[in-house]
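Engineer: First the structure, which I've put down as structure tokens, then a few questions once you've had a look.
The values are calculated or read from the model by the stated rules, or taken from the named source; none is laboratory data. In this text, all values refer to a predicted model and were calculated from it rather than measured experimentally. Ideal geometry is used to build each Cβ from the backbone, glycine not excepted, and the neighbour counts take in all protein chains shown. We work out accessible area using only protein heavy atoms, side chains counted, and drop any ligands, DNA or RNA first. Shrake-Rupley method; radii C 1.70, N 1.55, O 1.52, S 1.80 Å.
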Amino acid sequence: MRKRVYAPAKINLCLHVLGRRDDGYHDLDMLMLRVSLYDRLDVSLSSGSGIAVSCPQVRLPPGVENLAARAARLLLKQVGEVRSVAIRIDKHIPEAAGLGGGSSDAAAVLLALNEMLGCGLSRSELMGLGVQLGADVPFFIYGQTAWATGVGERLHPWPGLPPIWLVLVNPRVAVSTAWVFQNLGLTHPGPIAKLPKFPQGMSSLVCLLHNDLEAVTCQRHPVITTIKERLVAGGAAGALMSGSGPTVFGVFEDRSRAERVAEELSGETAWWVTVASPL
């Protein structure tokens, strides 16, 4: 049995760090949005046992298991199944980029295997499994724009996003999320966030753009500031680093302008650039 699924990227329209928890994680307030950039996964089930993941674009350090493999192992254990699972991942979402690619792949595996095996686990049950894998995994299982609290596992629907286009730019450097949070004390976190009113237009949406992690990552990679400046100069209503970075997104009202800016940046730099829209 085989199933093909697509795992979308995400951006954080805002990310506030409220403080460090006793368990070492941080309490966050975030506005999270899935976008039209996808990894493609082929998930196969057969008799036997064992989990194999192939992803030609990614080389993991020795002893590190792919998050998609961990997701498959966790679900099989949860439902008491013994099967052979093979997963092939065709990566289009850059690694260690603040776009949640690995978490989205894990969520896609949980959803796919739940359906393929006929497990009947509810979305909330799958989200409970997902948080054991990573803080962003429940969001991808939730499957809609959300205001996220806690470590990211408590999700509230956030409707009414105005029509926008996004230019995503990555300077082709990898950033460790753990490193960013470990160095967060070098900056001053922003004010405590409250669930904002749903924006009525572009200007109110841009007012929400904020990321407490941006200053940390910019210290090591000043090119992030350069990218933001280039996007705004090209007509973006606002620009922000997503997650722990280093990917930056520019928000545009007009698709043609977004595509023109993306084409210019692709031609003039060695950066990875793409145009996306909200899901």
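Engineer: Please give the charge dipole size of the chain, origin at the Cα centre, charges +1 on K and R Cβ atoms and -1 on D and E Cβ atoms. Round to the nearest 20 debye.
Structural biologist: On the way: 26 positive and 24 negative charges, 84 e Å.
That gives a dipole near 400 debye.
Engineer: Applying 1/(1 + (r/R0)^6) with R0 = 41 Å to the Cβ-Cβ distance of T269 and S124, what FRET efficiency is obtained, to the nearest 0.05?
Structural biologist: Efficiency, rounded to the nearest 0.05: 0.40.
Engineer: A further question follows. Using the heavy atoms of the protein chains and a 1.4 angstrom probe, tell me the accessible area per residue for the chain in square angstrom.
Structural biologist: Values: 12760 Å² over 279 residues.
Solvent-accessible surface per residue comes out at 46 Å².
Engineer: Next question. Rounded to the nearest 20 Debye, what is the dipole magnitude of region 74-163 about its Cα centre when Lys and Arg each give +1 and Asp and Glu each give -1 at the C-beta?
Structural biologist: Numbers: 6 positive and 8 negative charges, 15 e Å.
Value, rounded to 20: 80 debye.
Engineer: What whole number of Å gives the distance from the Cα centroid of region 74-126 to the Cα centroid of region 1-32?
Structural biologist: 16
Engineer: Taking the full set of protein chains and a 1.4 angstrom probe, give the accessible area of R21 in square angstrom, rounded to the nearest 10.
Structural biologist: 70
Engineer: Relative contact order of region 2-82, please, whole-number percent, based on alpha carbon pairs below 8 angstrom and at least 6 residues apart. Before the final figure, lay out the partial values.
Structural biologist: On the way: 87 pairs, mean separation 23.0, N = 81.
In percent, rounded to a whole number, it is 28.
Engineer: Taking the Cβ-Cβ separation of L161 and D22 as r and a Förster radius of 45 Å, what is the calculated FRET efficiency to the nearest 0.05?
Structural biologist: Efficiency for this residue pair is about 0.85.
Engineer: While we're on this one: For region 23-174, what is Rg from Cα atoms divided by 2.2 N^0.38 Å, rounded to two decimals? Please report the intermediate quantities before stating the final value.
Structural biologist: Numbers: Rg = 15.9 Å, N = 152, 2.2 N^0.38 = 14.8 Å.
Region 23-174 yields a ratio of 1.07.
Engineer: Mind checking the full-extension length gain between V79 and T226? Use 0.36 nm per residue of separation minus the Cα-Cα distance, one decimal, nm.
Structural biologist: Details: separation 147, 0.36 × 147 = 52.92 nm, distance 4.87 nm.
Net length gain for the segment: 48.0 nm.
Engineer: Take the solvent-accessible surface of the protein heavy atoms, probe 1.4 Å, and return the percent of it on the chain that carbon and sulfur atoms account for.
Structural biologist: Details: 6380 of 12760 Å².
Carbon and sulfur atoms account for 50 percent of the accessible area of the chain.
Engineer: Compute log10 of I(q)/I(0) for the chain with the Debye formula, placing one identical point scatterer on every Cα and leaving out solvent, at q = 0.15, 0.16 Å⁻¹, to two decimals.
Structural biologist: Log-scaled intensity ratios, in q order: -1.14, -1.27.
Engineer: Continuing with this model, one more query. With contacts defined as alpha carbon pairs under 8 Å and 6 or more residues apart, what's the relative contact order of the chain in percent? Show your work: numbers first, answer last.
Structural biologist: Values: 595 pairs, mean separation 63.0, N = 279.
Reported relative contact order: 23 percent.
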